[in-house]
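The values are calculated or read from the model by the stated rules, or taken from the named source; none is laboratory data. What you see is a predicted model; the values in this text were computed from it and never measured. Here the Cβ positions follow ideal geometry from the backbone for every residue, glycine too, while neighbour counts run over all protein chains shown.
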Amino acid sequence: MPENTPPGKGPLYVAGVALAIAVVLPLLVSTYARRDPELAGIPFFFWYQFVLVLVSVVLTSVAYRLVIGHERRRRAAQGLSIDGKGDAR
């Protein structure tokens, strides 16, 4: 890609989808509103919620890295400093 070409919006769309999954999954109550199967005596509802927290952390981290990488490429294409503290020149 030429140096002056701004990056496409693909990574931003992927980040949006990752965040949407992290928000929508816990709203699907019918997927976890039950007691069985148990895991080490813990009802399904509780350990599924814990797994959802971990999945949300991973998806949010992926979205963050995609957006930050996109922003750095965009600033570099505009000739701005990557850290946001002035010109790259």
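Here Ser56, Ser61 are screened, and the one residue that is of a type in the set (Gly, Ala, Ser), surrounded by 12 or more Cβ atoms within 10 Å (Cβ to Cβ) and under 18 Å from the mean Cα position of the chain (by Cα) is Ser56.
Of all residues in the range 46-82, those satisfying the criterion of being touching a residue at least 12 places away in the same chain (Cβ under 8 Å), under 22 Å from Ala18 (Cβ atoms) and polar (S, T, N, Q) are Gln49, Ser56, Thr60.
Here the condition is being at pLDDT 95 or above, surrounded by 12 or more Cβ atoms within 10 Å (Cβ to Cβ) and among the hydrophobic types (A, V, I, L, M, F, W, C); of Ala20, Ala77, it holds for Ala20 alone. Among residues of the range 23-37 being part of a helix (DSSP H, G or I), loosely packed, with under 15 Cβ neighbours inside 10 Å and not polar (S, T, N, Q), the one that is farthest from the chain's Cα centre (by Cα) is Val29. In the set Glu71, Glu3, only one residue is of a type in the set (Asp, Glu) and either surrounded by 15 or more Cβ atoms within 10 Å (Cβ to Cβ) or at pLDDT 90 or above (or both); that residue is Glu71.
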